[in-house]
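Following: one structure in structure tokens, then a few remarks.
A short reminder: the numbers here are calculations on the coordinates, not readings from a lab. No experiment lies behind these values; they were computed from the predicted model shown. Positions of Cβ are backbone-derived with ideal geometry, glycine not excepted, and every protein chain shown enters the neighbour counts.
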Amino acid sequence: MKRMRLRDLGLAIGHLPTGPLNAITDVAGVLVGHETIIHDDPEVVRSGVTVVVPENGEIWRRHLFAGAHVLNGNGEMTGLAFLEEFGLMCGPIAITGTHSIGAAHEGLVSYELEGGFDVDFCLPLVAETFDGWLSEPLALAVRPEHVHAALRSAAGGAVAEGNIGGGTGMNAHEFKAGIGTASRQTEVVGETWTVGVLVQANYGRRHQLRLDGHAIGQAIPIEEVPPPWPKPRDEGSIIAVVATDAPLLPHQCKRLAQRAGMGVARAGGIAAPASGDIFLAFSTGNAHSVAAHDHLHSARFLPDMALAGIFEAVIEATEESIWNALCSAETMTGRQGRISHAIPLDRLTTVMKA
């Protein structure tokens with residue numbers, strides 16, 4: 001069966017409506033770009049980088065309120081100390097493989113410098129999950145120029161998912177996975193707001209996998225579809241980026257980031273000891289000029305006690321993002337002949353109908 005997104009199979013999660021694209025790009029001004037690296041010589045590489053770029057690429061000049069949450073810290077996202085201190089997102093976020101953090105960091109800084117953004121201080125946001133089962137991690141295949149290419153390709157509209165960009169070599173719940181995205185719309189204080197999520201999924205055991213509460217992983221056991229590795233493994237990671245046009249303050253963005261963990265849990269994640277589960281949330285509802293330091297600023301924000309609908313949107317969109325990664329990813333053969341099988345979509349629909 002042709003690879004397709006969850007809803008194209010006639011399956012859905014939750015009850016809130018999606019945005020027009022059911023993607024993080026449903027939040028106005030949010031762009032996504034990928035650069036994928038696949039080759040077998042001189043090393044077997046299945047890697048890449050994905051970037052999320054708010055403010056139509058003007059994020060270096062127009063900073064946004066943001067917050068982050070670390071559910072389990074066996075992973076990395078650079079720039080979190082600055083984010084915690086100031087509550088501001090001051091540039092794009094890049095997501096890549098573990099050993100490519102340095103190159104991605106350099107790529108973001110050099111792109112900013114070469115782009116004439118006139119900023120001489122930069123602490124970029126770079127997050128990782130480990131693609132070393134399918135890709136030779138010591139090849140250091142991702143270079144700064146790949147980050148530049150991903151940034152140049154960043155666009156709105158439909159987002160490519162599965163084996164692409166930073167998600168190229170990733171696995172989830174013992175199936176092939178990678179990049180996935182989804183969105184939700186919800187009404188709060190009389191206005192409709194959009195929440196979008198993008199994940200890089202690389203975590204979880206087969207028996208834990210669930211779809212809208214149904215034990216899918218147990219219904220498609222490893223005896224039916226072999227896992228990528230010969231012995232059970234609990235390590236792995238997931239990065240989630242949450243975007244919303246709802247006007248929020250930094251502490252409220254942090255609360256959204258926490259709820260991404262609940263979406264991961266609904267899909268079957270347990271934040272295992274060897275997992276890096278790190279989530280970032282930002283709001284486009286208030287933008288702040290980087291040059292405006294000499295006058296008072298004003299900001300709009302939703303009441304803290306009115307955020308239940310936004311929280312629910314984050315949870316549903318996160319769970320569906322994981323499933324879009326799983327449904328879009330294709331079977332991949334990587335280093336040492338290892339094979340990561342895609343979840344069989346026909347089997348998935350049969351199980352859900354049953």
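Things to note:
- For peptides 330-339, 293-302, sequence by mean Cβ density within 10 Å, most packed first: 330-339, 293-302
- The charge dipole of region 198-292, taken about the Cα centre with unit charges on the Cβ atoms of Lys, Arg (+1) and Asp, Glu (-1), comes to about 180 debye, rounded to the nearest 20.
- Taking packing as the residue-averaged number of other Cβ atoms within 10 angstrom, the listed peptides 18-27, 186-195 run from highest to lowest as 18-27, 186-195.
- Debye intensity ratio in log₁₀ form over the Cα atoms of region 41-153, taken at each q of 0.17, 0.22 Å⁻¹: -0.81, -1.23
- Stretch gain in nm, segment residue 308-residue 98, where the contour uses 0.36 nm per residue and the Cα spacing is subtracted: 72.2 nm
- Cα lying deepest toward the dipole's positive end in region 173-306, options 301, 289, 256, charges on Cβ: 256
- Highest-fluctuation residue, 290, 142, 264 considered, GNM on the chain with Cα pairs under 10 Å: 290
- Taking 169, 102, 48 as the candidate residues, the one with maximal mean-square fluctuation in a Gaussian network model of the chain, Cα springs under 10 Å, is 102.
- Along its first, second and third principal axes, ordered by size, region 218-354 spans 63, 37, 26 Å in Cα coordinates.
- Between residue 288 and residue 350, full extension at 0.36 nm per residue minus the direct alpha carbon distance yields a gain of 17.3 nm.
- Karplus (6.51, -1.76, 1.60) ³J(HN,Hα), θ = phi - 60°, over region 252-261, in Hz, Gly and Pro reported as x: 6, 4, 4, 5, 5, 4, 4, 5, 4, x
- Listed residues 326, 133, 96: farthest to the positive end of the dipole of the chain (Cβ charges): 326
- Annotation: lysines with alpha-carbon distance below 20 angstrom to residue 254 (same-chain offsets under eight excluded): none found.
- Just so you know, the Rg over Rh for the chain is 0.96, from Cα atoms, with Rh as the Kirkwood radius.
- The label point for residue 7 and the one for residue 61, both projected 7 Å from the Cα toward the Cβ, are 3.4 nm apart.
- Charge dipole magnitude, Cβ of K and R +1, D and E -1 - the chain, Cα centre, debye nearest 20: 1000
- Anisotropy class of region 280-350 from Cα gyration tensor, a/c 1.5 cut: oblate
- The Cα center of region 48-73 and the Cα center of region 87-110 differ in position by 10 Å.
- Residue with peak Gaussian network fluctuation, the chain [Cα springs, cutoff 10 Å], from 306, 177, 267: 306
- The 3J(HN,Hα) values that the Karplus relation (6.51, -1.76, 1.60; θ = phi - 60°) gives for region 34-50 are, in residue order, 10, 9, 10, 10, 10, 7, 10, 9, x, 10, 7, 10, 9, 8, x, 8, 10 Hz. Gly and Pro appear as x.
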